[in-house]
Amino acid sequence: MAQNQPIHGIIAYPITPFADAGIETDRLAGLVDTMVDAGVHAIAPLGSTGESAYLAFDEWKTVVDTTATAVAGRVPVVVGASDLTTAGTVARAEYAQAAGATAVMVIPVSYWALNEREIVQHYSSVSDSISIPIMAYNNPATSGIDMSPTLLNHMFESIANVKMVKESTGDIQRMLDLKELSAGELPFYNGSNPLVLEALLAGAGGWCTAAPCLRPAPTIALYEAVAAGEVDRATEIYEELLPLLRFIVSKGLPTAVKSGLEILGEPAGDPRSPLLPLDPADRAELESILVAVPAA
């Protein structure tokens, strides 16, 4: 993997394809290869889209190894390394580093709500176990834990390997606060798909998204238009993409993206139970959205 490349731009989140025997490694490798060839700037396996919470540790390792082989050092790889326990998170972070990950992404998840002292200790323990950067991932909708901009900046200043933040609350003010608190030193990335244009214009270093699984070209074009200062063009692309972005978030990323891949003739299996595929009405809506969103 590309351990020393900067992380920016379109950070693509692949689904984890399932088959009766477990992880469908050929399908995963093909999806990763397609997105890298299309021009995404990084690959981030094992996030919410990759159903990491539903994988056994050996399955999780299989996804890391398959992704590493498919990427083959062409772009950075940010591996989701979260677990309910600190020990489990450390084990995943160490494995990801040994496999060549550029960085690990860590979201604090726990059956019991964590206080700030516990969150800081959790990230400190992971930081002490590795030498690669940690992307602190704030998504209270999935983790049940909300890390304030003040806490995130404190960890950036006090924990050696906490180097960046993925902010997924959908609140642009959080990003602006991170920018102000760190005097622009703390890189932040947008994890809220519908917020992407506003976030990029506010200085987000990239867009963490599953959209390239279905429509890589316009996703990349949106980022490139913002980077080139072509705001009108970026707005046009954003408005075309917005129905798809809203749909995949509202219906659940693995569920919606896997159904979308099946519609596009690239089936990746059903999401893992208790998640279910889209019902017929939602599938029909997604079909119409994909027809309306240009592939290139």
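The values are calculated or read from the model by the stated rules, or taken from the named source; none is laboratory data. The model shown is predicted, which means the values in this text are computed figures rather than measured ones. As a convention, Cβ positions derive from the backbone with ideal geometry for all residues, glycine included, and neighbour counts pool all protein chains shown. Ligands, DNA and RNA are stripped out before the accessible areas are found, and what is left, the full protein with its side chains, is counted by its heavy atoms. Shrake-Rupley method; radii C 1.70, N 1.55, O 1.52, S 1.80 Å.
For the options 99, 68, 210, a Gaussian network treatment of the chain with springs between C-alpha atoms closer than 10 Å singles out 99 as fluctuating the most. For the chain, the 222 nm mean residue ellipticity estimated from helices alone, with every DSSP H stretch of n ≥ 4 adding -39500 (n - 2.57) and the total spread over all residues, rounds to -15000 deg cm²/dmol.
When only alpha carbons are used to place a centre, region 256-293 and region 110-129 end up 36 Å from one another. For the pair residue 87 and residue 54, the difference between a 0.36 nm per residue extended length and the Cα-Cα distance amounts to 10.1 nm.
Spatial offset of region 136-195 relative to region 1-48 amounts to 23 Å, using the alpha carbon center of each.
Among 258, 166, 61, the residue with the largest mean-square fluctuation in a Gaussian network model of the chain, with springs joining Cα atoms closer than 10 Å, is 61. So if we plug the beta-carbon distance of residue 180 and residue 21 into 1/(1 + (r/R0)^6) with R0 = 45 Å, what FRET efficiency do we get, rounded to 0.05? The calculated FRET efficiency here is 0.35. Across q = 0.24, 0.31 Å⁻¹, region 195-241 modelled as identical point scatterers on its alpha-carbon atoms has Debye log10 I(q)/I(0) values of -0.82, -1.33, in the order of the q list.
Semi-axes of the equivalent ellipsoid for the chain, computed as √(5λ) from the eigenvalues of its C-alpha gyration tensor and ordered from largest down, come to 27, 23, 18 Å.
For residue 264 and residue 69, the difference between the fully extended length at 0.36 nm per residue and the C-alpha to C-alpha distance is 67.7 nm. Cross-link check: pairs 61/163; 179/258; 163/251; 61/179 evaluated at a Cα-Cα cut-off of 29 Å; pairs beyond the cut-off: 179/258; 163/251; 61/179. Heavy-atom accessible area, probed at 1.4 angstrom with all protein chains present, ranks 24, 236 as 236, 24, highest first.
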